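Just below is one structure, and these are the notes that go with it.
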Amino acid sequence: MGAQKKRAAAAAAAARVSEDPDDLARQPLQAILLADSFTTKFRPITLERPKVLLPLVNVPMINYTLAWLEAAGVAEVFVFCCAHSKQVIDYLENSEWFSQPNFTVKTIESHNIISAGDALRLIYEQNVIHGDFVLISGDTVSNMSLTQALQEHKERKKKDNNAVMTMIIKKSKPSPITRQSRLGTDELFMAIDPNTKQLLYYEDKADHSKGTICLDKMLLAENPSISLHNDKQDCYIDICSPEVLSLFTDNFDYQHLRRHFVKGLLLDDIMGYKIFTHEIHSSYAARIDNYRSYDIVSKDIIQRWTYPYVPDVKFCGNRATKLERRGMYRALEIEQSRSAQVGSFTVIGYGTKIGSNSKISDSVIGEGCTIGSNVLIEGSYIWDNVIIEDGCELRHVIVCDGVIMKAGAVLKPGVVLSFKVVIGERFVVPAYSKVSLLQQPTVHDSDEELEYADNSSGTVEFSCTADQSNGEMTSESSEAHKPKLGTGGVGYIWSICEGGQEEEWRHSVAPIPEDKLTELSEAMDDDQELVTQDRTALSTSGELISDSNASEGDDNEDSKDDSVYFEKEVEATFLRAVEENVKVDHVILEVNSLRLSYNMTSADCAGAVFYSMMKLAIKTPHSSAIGLLTLYPSPFSMVASNAYPIYLSGELQQNTANIITTWQKLLKSYLLEIDEEIEIILKFEEMCLESAKEFSPLFARILHILYDKDILQEDAILRWADEKEGADESDKVFVRQSEKFIQWLREASEEED
Amino acid sequence: MPDTQALVMTFLTSLKNATARQTAELLRSVISQQRVPYTNQAGALIDAVKAVGEQLIAANPVELAVGNIVRRVLHIIREEDLSLTTAAIGELNLSAVSDDENDDDRDGNTTLSAAAVAAAARSTLRPPSLQTLLEDTPVSAAVPQTSSSGGDSEGKTADKSSRSRKLKHDVIEAVNELIQDIVTCHEQIAEQAVEHIHQNEVILTLGSSRTVSEFLFAAKEKKRSFRVFVAEGAPRYQGHLLAKELVARGLQTTLITDSAVFAMISRVNMVIVGAHAVMANGGVIAPVGMNLVALAAQKHAVPFVVLAGSHKLCPLYPHNPEVLLNELRSPSELLDFGEFSDCMDFGSGSGSPLLHVVNPAFDYVPPKLVSLFITDAGGHNPSYMYRLIADYYSADDLVVQRRAIAGN
C-alpha cells in the first residue's frame, strides 16, 4: 500500500511537470469506483456483505461495473473500499481483475470514511488522479460507449475551463401515480439548456404534495431557453475533470455527490463552475440504489438491455449459461424434475436441484440451491446454496446465501431474508419484513445526518439497552424481536423504521400492490379537484384566468372548465358594463372576443349573458321599486326572499323586467336561432333549481316577460314544453308552473291558424 | 506458459470482434511456445491446443468460426504427425528391403506397425479423405501413440529430436498456410464470380458480407453489367453500407426493405448471400431474415447461392439451431428504451414484464433451401458438405473438451 502510494505520488509529480493540454489528452483514462454506497438501503444484507459484492443475476455487481469500465477504455481503476473493505479486496484479489492486461485495478482502503465526499477528499490527498476521470459507484450497470461523452467533455473543457463535469443521463419516464422513477427513486427534475446541454437545475427531492417546483427566476432571466425534464434518469456516471476533487477538498461540507456537490455547484455563481449532461439513447445505464432497482435492473439484464453483460455471454466470472426460448437461462448441471415448471425470464444457476411440481417464474436462482417439490417461486431472487423444502411459497422476495426454509414456510411479497436465516415449518413471514441473524441496531437512521454518521463504519452496535432518547423505539424493536421464526427458526425480524410501513412498498422488491395504486390515484384526483376549486374561487373574484393554468388539467376537464370560466368571464364583463355604463355594442364586442378565445357557440353566449343578467337582477338592491325595503341591505335579500316570497318576488320581477328591457339588445344579438332561445329557457330552469332559487316562484312570469319583449318566440317556448313532456316528474315543475301561459300560447297560435 | 495465458486473456476480452484469423494466429503462438517432449510430441501439442481451444469456445459458443479453427489446427497437427510417421516408416522399410517398390512395402512388409495403424484407423471411423484418394497418397491414419512406437523401433535419439523439431515446424508451416487461406478466401471465392453472374442479371442480397461484396466487385471488374437489389437487413441495416460500397464501385443498386423481398424476388435471377456458418448437414446460420429470403427464392425457383470461406464450415450438426446457435442481442437495436420505459415498469401490476423484445442475430436456413455453396474450393451442393468437412476435420476433434482428452 505504502509503496503503491509512493509510486502514485511520483507519477503524479511527473504528470504535474507536463501540463500541456496535449499531454493531458494522451493520458490514459482513469476511473474512481466507489465500492460503498454510503447508504443503508440494503440493510440488513449489507451488515454482512458489502453491497458491491451482492449477486445481480448471479454475478457480483462490481463485476458489471468493472467489465464496463474495461470495455469503455478505462485504463486504471481505483476501487475505494470502505465498509467490509477486506471482503471487497479479497474478492478482487481472487478474481481475474488483477491479471488483466491494459487494465489495472487498484484498491484504496479506508475505514473511517462516512460519505462519498470524504472518499474523494482522501483520493485527492493520495494524488493519483492526473486527468479526466470517470466517477462511478460500484453498483452501476451500463453498456454505453464513453467515447462520445468523453470527447464532448474534453472539447467543452478546452473552450471553457469551468466545465468540470459531464453527467450521463437517460430518458426514462416516471410513474405518474407514484411519482417515482421505474428504479424506485424519487422523481427527478432537471433543467437543461437545450443548446449547450448545460445542467441548470437538479432536484430529486421535490415536494409532491404541492405539485409544484420552484425555479430561481434568475434561471429564466439568464438563459434564453431552458428545457425542464422529469423524464430523465440520472445514471450516476460522471466524467469529471481533476478540479472536481479539489472542489470537494475546498468545500469540506460536501458529502453527497448529488445533494451537496451538484446542487452546490449549481447554486454557486461566484466560481462559475458548470456541469453538463450527456444523454444516452441506445445504450443502457442504471444504478442499483434500493431493492426496487435491484429487481428492475435484474429484469433489464434478463431482458438483455445490458447486452453484452447478460448471463449467457461470459464477461467476467459468470458460469456458462445457455439461453433458451422465452428468456430462460439455464446453467450446466442442473437437476430438474420432469414435472417442475420453469417459466419465462428465469435464471437458474449451476448445480441447482429442483423438485417435482415446483413452479418458478420471473426469478433468479443462484448456484447450488436445493428446491423441494411443490414449491412456488415467483419474481424472487434466491442467492447461492439456499435450501427450500417442500411446499414453500415465495413471491417477490430476496433470499440470501445459505438460508434454509423449512417445509410449508411462506414468504409474503417484499420480504428480505439475510444470510443463513432459518425459517421454521409453516411459518408465514409478513410482507415487507426483513429477517437477519443479527439484531437490528438500535441507532435509527431517520435523520439524514445520522445516515452518514453510522452507515459505513462497518461495525454496528448491537446493544439492546434502552437509550433515553430512543426508549420508545427500542422497546418496540425488542418486542419485535420476540416472535420466533416458527419451530426451529433462527433469526430476528427487524422492525420497520425510517418512514414506517407506508413508505416501505415504494422501495421494496415487490411490485406496488394494486390497492396502493388505486389509493394513490384517488388521492391524486382529489388533489386535482382541489386545484380546480381554487381556480373557481379565484375567478369569482373577477381575476382574469389565463388559459395557461388550464393546460395543467386533463383534456377532459378542460372543456368543462372552459365553459365554467367562460361563464365567469361573461358575468364579469357584464357587471362591469352595468357599472360603467358601457354601450351595448361594446359589450357585444367584448363578449364576442371572449367567445372566440374560449371557442364557444352562440348558444353558450346566450346562456352566459342571460345567466349574468339574472344574477344582476338578484344582486340589484331591491330598494329601486319600493322605498320601504331600503332597510334591508342587499346581503339579506336571499334570506328575505325565502321569508317573504310573494312580496319580494314582485320586486324581483320588476328588477328582472328592467334589466331585460335595458339589455335586450345584447341578449337578442345571440339569439339567432330557435335553439338558442330554448337554451335560454333551459338555462333559466337550471338556475331556478340550483344557483338562484329566488326565481323559482317567478318562472312563469319571467317567461312571460321574455315573451313580451320578443326575446323568446312562442315556437321556442312550445318546443321546450314538448321536449319536457317525456321528462321526469321532478323536471316538469316549471312546465307545470307555466302551464297556463303555454296553454294560452297554444290557443293563440291555433287562432292564428 | 504465462505469455500464452496473457494472450488468451486478451483474446477473450476482445472476443466480440474475433475473427477466424485471430484464432489461428493465437493458436500458432500457443504451438510455438509449447515445449515438446521427446515422446508423443503430437499428443502434447494436441493437449495444449485443446486446452486453449476449450477456453476460447466456452467464451463465446455462438462464434462457431473460433471452434472451427481450433479443430482445423488439431487436424493439422494430426495430419503432420501422420505424414512424418509414414515417412519414417517408409524410410525404415527402404533401408530394410530396398529392392521392393514403395507401395508394396508399406502394405505388405511392415506388418506390425501397419496392422496397429489400420486398427487405429478403424477405431476412429475416419473415412478416407477424398483429396488423398485423388492425389494417390498412401492412406493410413494413425493415432499419436504410433509415432512413439515408430520412434522406438528406430532407436536414434538425435533423429528423434530433429523429428520433434520438424513436427513443430511443419505444424506451424501448415497453420501459416491456414491463415493464408483465411486471408485470401475472399479472393478465391471472388475468382469464381464470372462463372456465376451473367450479363444483365439481377442479383439480390441481404445485409452486408465482405465475401459477397468482393464477389460482386470481381464480376464487375470482368466487365459484367448487372444490377443488385440490396435488402437492408434490419435492425442493423448493414445493407445500407453495402449499397454505399456498391455505388462507389459503379454498380446499379436498388435498396429495399427486408419485407419487400418477396415482392421483388420474381424479378431476381439469383440470390447471393454470405453466411455466419455452414453446418455439417448443409444448413446455414446466416444474418436474421435470411430464411425469409431463401423461402421466397424457393417459391419463385430463384437460385439461392451461399458464399462461405472454408473456415466457416462447421463440423457440427445443428440441433435446435434457432435457439442454441443463435445470439440474442440487445432490444435497444429495435426500440428506444426511453420511449418504452413506461411499458417496462415492473413496479406495478404482477411484476412480470408484459413487453418482451426478441432480437435474434441469426437465422437458420435448412439445406433444402440452398441451391449452391461457393467456397474457396469451388462450388458444392449442400449434400456434399459433409465430405468437405471430413477433409478439413478429423472425427476425434468434434468434441473439444477435456473429457475427450481423458478418453484418449
- Separation between the A:N102 and A:L596 pseudo-spin-labels, each 7 Å from Cα along Cα→Cβ, expressed in nm? 6.9 nm
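Total Å² of accessible surface buried at the B-A contact, 1.4 Å probe, nearest 100? Don't jump to the answer; show the numbers that get you there.
Values: alone 20250 and 35810 Å², together 52830 Å².
Interface area, both chains combined: 3200 Å², rounded to the nearest 100.
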- Shielding by other protein chains, A:170-182, mean Cβ within 10 Å: 4
- Note on the structure: Between B:K222 and B:D336, the FRET efficiency computed from the C-beta separation at R0 = 41 Å comes out, to the nearest 0.05, as 0.35
- Note on the structure: On the formula 1/(1 + (r/R0)^6), with r taken between the Cβ atoms of A:S373 and A:V428 and R0 of 22 Å, the FRET efficiency rounded to 0.05 is 0.65
- Query: So how exposed is B:E80, as accessible area in Å² (1.4 Å probe, rounded to 10)?
  - Reply: 40 Å²
- Message: If each residue of separation counts as 0.36 nm, what is the full-extension length gain between A:L520 and A:E580 once their alpha-carbon separation is subtracted?
- Response: 16.7 nm
- Message: Heavy atoms of the protein only, probe of 1.4 Å, neighbouring chains included. What is the accessible area of A:H396 in Å², nearest 10?
- Response: 20 Å²
- Stretch B:S352-B:A395 to full length: gain in nm at 0.36 nm per residue minus the Cα-Cα span? 10.9 nm
- Under 21 Å Cα-Cα from A:K709, which lysines qualify once same-chain neighbours fewer than 8 residues away are excluded? A:K583, A:K615, A:K665, A:K668, A:K683, A:K740
- Query: Quick one: which bits of the stretch A:508-528 get at least 40 Å² less accessible when the partner protein chains are in, versus the chain alone, with a 1.4 Å probe?
  - Reply: A:P511
- Please give the average number of partner chain Cβ atoms lying within 10 Å of the Cβ of each residue in A:296-309, rounded to a whole number. 4
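Residue by residue through A:606-618, how many Cβ atoms from other chains fall within 10 Å of the Cβ on average? Could you put the intermediate results ahead of the total?
Numbers: counts 0, 0, 0, 0, 0, 0, 0, 0, 0, 0, 0, 0, 0.
Rounded to a whole number, the mean comes out at 0.
At a Förster distance of 41 Å, what's the computed FRET efficiency of B:H319 paired with A:K159, Cβ-Cβ distance as r, to 0.05? Could the numbers behind the result be given before it?
Numbers: r = 58 Å, r/R0 = 1.43.
So, using R0 = 41 Å, E works out to roughly 0.10.
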- Message: Give me the one-decimal nm value for the distance between modelled label points at A:R719 and A:Q341, 7 Å along each residue's Cα-to-Cβ direction.
- Response: 6.4 nm
- Query: Taking the simple approach of a point 7 Å from Cα along Cα-to-Cβ for both A:R259 and B:N381, what is their distance in nm?
  - Reply: 7.6 nm
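If you restrict to DSSP beta bridges whose two residues both lie in the stretch A:305-418, what percentage is antiparallel, to the nearest 5? Please report the intermediate quantities before stating the final value.
Numbers: 4 of 33 bridges.
Antiparallel: roughly 10 percent of the beta bridges in the stretch A:305-418.
The values are calculated or read from the model by the stated rules, or taken from the named source; none is laboratory data. This structure is a prediction, so every number in the text was calculated from the model and none was measured. Glycine gets a Cβ as well: all are built from the backbone with ideal geometry, and neighbour counts include every protein chain shown. Just so you know, the surface numbers come from the protein's heavy atoms only, side chains and all, with ligands and any DNA or RNA stripped out. Shrake-Rupley method; radii C 1.70, N 1.55, O 1.52, S 1.80 Å.
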